[in-house]
Amino acid sequence: MLPYSTIEDAAAALGRNLTFAETLWYNYSANKSDYFLYCHNILFLFLVFSVAPLPFVVIESLRSDSFDKYKIQPKVRLSFSEMVRCYKDVMRMFFLVVGPLQLVSFPSVQMVGIRTGLPLPSGWEILAQLVVYFMVEDYTNYWIHRFLHCKWGYEKIHRVHHEYTAPIGFAAPYAHWAEILILGIPSFLGPAMAPGHMITFWLWIALRQIEAIDTHSGYDFPWGFTKYIPFYGGADYHDYHHYVGEQSHSNFASVFTYCDFLYGTDKGYRYQKKLLRKMQEELRGSGEQNGGSYQNLKSE
Ligand SMILES: [Zn+2]
Ligand SMILES: [Zn+2]
């Protein structure tokens, strides 16, 4: 709820005219409570989760050679009904855990000082805060994820997320309810440390989810802007973690690669990549193709 009765009052308080984006925000949010604005996150979560993985569902169902060559584990194919089942399982979890958690967690948002008022943050401010959120989340998630790979953590909680040894976009938030709750901490830590505007918070939750869907997509396309993000792990990086499964002590980080590099938990992955490169060179030499997956290594 904005503390101005008219747009002119808002301009007077700011000492300047509102920008186009601020006018839009004023018109949309002036009479809405902060709690209602915060709850938009539930809608965005449902929306992003329902829409962002759809291109991968189409690609997986098409089974066309032009896309299949980018599939990381080509020997694992999920049927359309299997993908729908994964979607339904996650949606059930959203309704039972994530939605209610959002509804009751508003006091924490108020406490850390996420604001809804004017002026709106600049693009640079939003970008800087998002970078901080991603880095804080990545670091904290790394250690929690590593803990979840201890015997107790894996058997009691994390095993569920690893049911998909060749992940798909819909499987990104597929996890035990306790894991969903625990991983809420790294997601909230960044905004708690560097609180920003509600719009930045919405963007953060949506982008983090899109990133998780991308890294679980099962496809490593050579195009896409994420290839230009320094230290970004991507689909191939996290797919390897799922491929190895319970025994995995490699690639714990959720977004970037530097934590695994610093703490020496990417050695298995780097070794496999080296073997794959060697194998591809040999296959190229002998005129064969389709040797670029971990699965081919396993059958060797
Ligand atoms: Zn794991
Ligand atoms: Zn995963």
Q | Of V132, P195, S79, farthest towards positive along the dipole that unit charges on Lys, Arg, Asp, Glu beta carbons give the chain | A | S79
Q: Could you please rank S217, S108, placing first whichever residue has the fewest other Cβ atoms within 10 Å of its Cβ?
A: S108, S217
Q: Quick one: of K75/K227; K69/K156; K151/K267; K75/K156; K151/K278; K75/K278, which pairs are farther than 27 Å apart, Cα to Cα?
A: K69/K156; K75/K156; K151/K278
**Q.** Among T265, Y219, I144 the positive-end extreme of the charge dipole of the stretch 128-279 (Cβ point charges)
**A.** T265
(Q) Taking the Cα centre as origin and putting +1 on Lys and Arg beta-carbons and -1 on Asp and Glu beta-carbons, what dipole magnitude results for the chain, to the nearest 20 debye? (A) 520 debye
Q: Within 10 Å of each residue's Cβ, count the other Cβ atoms and sort S248, S79, S61 from fewest upward.
A: S79, S61, S248
Q: Tell me the label-point distance for the pair L276, S66, using the 7 Å Cα-to-Cβ offset, in nm and rounded to one decimal.
A: 2.4 nm
Q: Give the shape of the chain as rounded, prolate or oblate, defined through the alpha-carbon gyration tensor: a ≥ b ≥ c are the square roots of its eigenvalues, a/c under 1.5 means rounded, and otherwise the shape is prolate if a/b is larger than b/c and oblate if not.
A: prolate
Q) Taking neighbour counts of Cβ atoms within 10 Å as a proxy for exposure, in what order, fewest first, do V84, V48 appear? A) V84, V48
Q) At what distance in angstrom do the alpha carbon centres of the stretch 73-139 and the stretch 173-238 lie from each other? A) 8 Å
Q: Take the Cβ-Cβ distance between V58 and L127 as r, set R0 to 41 Å, and report the resulting FRET efficiency rounded to the nearest 0.05.
A: 0.85
Q. How far, in nm, would the chain grow between R85 and F147 when pulled straight, counting 0.36 nm per residue and subtracting the alpha carbon separation?
A. 19.5 nm
Q. Taking R0 as 35 Å, what's the FRET efficiency between F20 and F95 from their Cβ-Cβ distance, rounded to 0.05?
A. 0.45
Q: For F256, enumerate residues with amide H under 5 Å from its amide H, sequence gap 5+ or separate chain, H modeled in the peptide plane.
A: G233
Q: Find how much the distance from I185 to W202 grows on full extension, using 0.36 nm per residue of separation minus their present alpha carbon separation; answer in nm with one decimal.
A: 4.5 nm
**Q.** Overall form of the stretch 32-177 per C-alpha gyration tensor (a/c, 1.5; a/b vs b/c)
**A.** prolate
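Readers should treat all values here as calculations from the given coordinates under stated rules, not as data from a laboratory. Quick caveat, the model's predicted, so the values are computed rather than measured. When we count neighbours, we look across all protein chains shown, and the Cβ atoms used for this are built from the backbone with ideal geometry, even at glycine.
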